[in-house]
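A short write-up of the structure that comes next.
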Amino acid sequence: MSSALQNGKPPFFSIIVPTYNRADMISATIDSCLQQTWHDFELLVIDDGSSDHTEAVVTAINDHRIRYIKRDNGGPAAARNTGIMAARGRYLAFLDSDDRFLPEKLAHYHDRIMTSGAAVCYGPIYVDRGVGKMWIRPESGMRQDENAFDWTFLRRGFFQTSTLVVETSLARKHPFLETLWFGDNDQFGIDLWRSGAQLEYIEEPLVVYTDGYDSDRLSQAPVFAATSPMHERFFDWVESHRAEMSPAAYLAYRARFRSRLTAKSSPREAISDLIAAYRANALSGKECIRQSVQTFFPDIYRRLADLVARYRGVQMSS
């Protein structure tokens, strides 16, 4: 499939890559897009106020499908929303600047959209922890008629941003919440579900998610820092939807998310959250032990998880 940009027609996909000071890895991310077997796309790199040489790296790549947009720093959600508004494609494919698409990603999603008519597609990822083998997460998508809060908090599901493909008009109606610098992927996916849109789960992992040990990554902020304003804003967002959550889902959220984010500042509250979830069967005994280690001993948990991944993980499909 040739690019529609060559004949002036809007592309089927607009890939949105927000980035901030990722000059050392953005080339690999862009290359994973340019290696797609489906070619009808544009690639929007949204530079969220980088102070390194990201611009030079991106603009040096000679491909007519790439659009580089520089903006003042406002966080990942704001950068993605900039891409949403600038996109010309029918569907948006999000990709974080330290992740990679596998070559068949867009082709698979296009085929599913054509057969199902879904407005939103999402799927599992290969989690690359830098130990030679991968985890595949989540284990499954939402069941039919399942509440997204139950799937996210009780069953450890998540809408990993780099798997999301969303109809452009829908994303513009339900954008990322820009006050969230943590948990915005959950907010975006759940808001799309709440809109009543058809969500389609693509079973095959077609994204490599980089989960290296790095304290500068927002996704690992809970491991390295006490409660911060970014965490409080996520708490506030969850609390604003508490009426839509089952009691078990709310207790599981408190144990799986809030306990990790408050462990340093309010350890007693974190312990209370874990105990309450266990007593209500929102967490099994095994899950409670695992979560307790992750909450209070994140470095030890990380080393153990890396060890398990090294011996029990999978090789990525070629």
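Coordinate-derived values only; no laboratory data. For clarity, every value in this text was computed on a predicted model and none was experimentally measured. Note that we place each Cβ from the backbone using ideal geometry, even for glycine, and neighbour counts take in every protein chain shown.
Just want the ordering: Met114, Met25, Met142, from fewest to most Cβ atoms lying within 10 Å of their own Cβ.
Met114, Met25, Met142
Set the Förster radius R0 to 51 Å, insert the Cβ-Cβ distance between Glu269 and Asn62 as r into 1/(1 + (r/R0)^6), and round the FRET efficiency to 0.05.
Taking R0 as 51 Å, the efficiency between Glu269 and Asn62 is 0.40.
May I ask which residue of Ser169, Val45, Ile136 lies farthest towards the positive end of the charge dipole of the chain, with charges of +1 (Lys, Arg) and -1 (Asp, Glu) on Cβ and the Cα centre as origin?
Of the listed residues, the answer is Ile136.
I'd like the Karplus ³J(HN,Hα) series for region 193-209: coefficients 6.51, -1.76, 1.60, θ = phi - 60°, whole numbers in Hz, and an x wherever there's a Gly or Pro.
Per residue, the Karplus-derived 3J(HN,Hα) values read 5, 5, 5, x, 5, 6, 9, 10, 8, 8, 5, 7, x, 10, 9, 9, 9 Hz.
Can you give me the Cα centroid spacing of region 298-315 and region 59-114 in angstrom?
Between the Cα centres of region 298-315 and region 59-114 lies a distance of 31 Å.
With N set to the number of residues, divide the alpha-carbon radius of gyration of the chain by 2.2 N^0.38 Å and report two decimals.
Values: Rg = 19.4 Å, N = 318, 2.2 N^0.38 = 19.6 Å.
Scaled against compact globular proteins, the figure is 0.99.
Just tell me the longest site-free run in the chain, where the sites are GluC sites (Glu not before Pro) in a DSSP loop having at most 13 other beta-carbon atoms within 10 Å. Can you show the working numbers first?
On the way: sites that count: Glu139, Glu203.
Counting at most 13 other Cβ atoms within 10 Å as exposed, the longest clean stretch of the chain is 1-138.
In deg cm²/dmol and to the nearest 500, what is the mean residue ellipticity at 222 nm of the chain if only DSSP H runs of at least 4 residues count, each as -39500 (n - 2.57), divided by the residue total? Spell out each step's value before the answer.
Working: 13 runs with 122 residues, N = 318.
Theoretical 222 nm ellipticity from helices: -11000 deg cm²/dmol.
Cα to Cα, under 13 Å, and not fewer than 8 places away if on the same chain: which aspartates and glutamates meet these conditions relative to Lys133?
Hits, sequence-local ones excluded: Asp211, Asp306.
One quarter of the convex hull surface, Cα atoms only: what value does that give for region 155-212 in nm²? Provide the component values of the computation, followed by the final result.
Values: hull surface 20.2 nm².
Average projection, Cα convex hull of region 155-212: 5.0 nm².
Run the simple label-point estimate for Ser51 and Leu307 please: 7 Å along Cα→C-beta, distance reported in nm.
That separation, rounded to one decimal, is 3.9 nm.
Using Cα positions and a limit of under 26 Å, work out the lysines in reach of Lys173, with same-chain residues fewer than 8 apart set aside.
Lys9, Lys70, Lys105
According to the Cα gyration tensor, what semi-axes, each the square root of 5 times an eigenvalue, does the equivalent ellipsoid of region 218-312 have, listed from largest to smallest in whole Å? Walk me through the intermediate numbers first.
Values: eigenvalues 96, 59, 30 Å².
Whole-Å semi-axes of the equivalent ellipsoid: 22, 17, 12.
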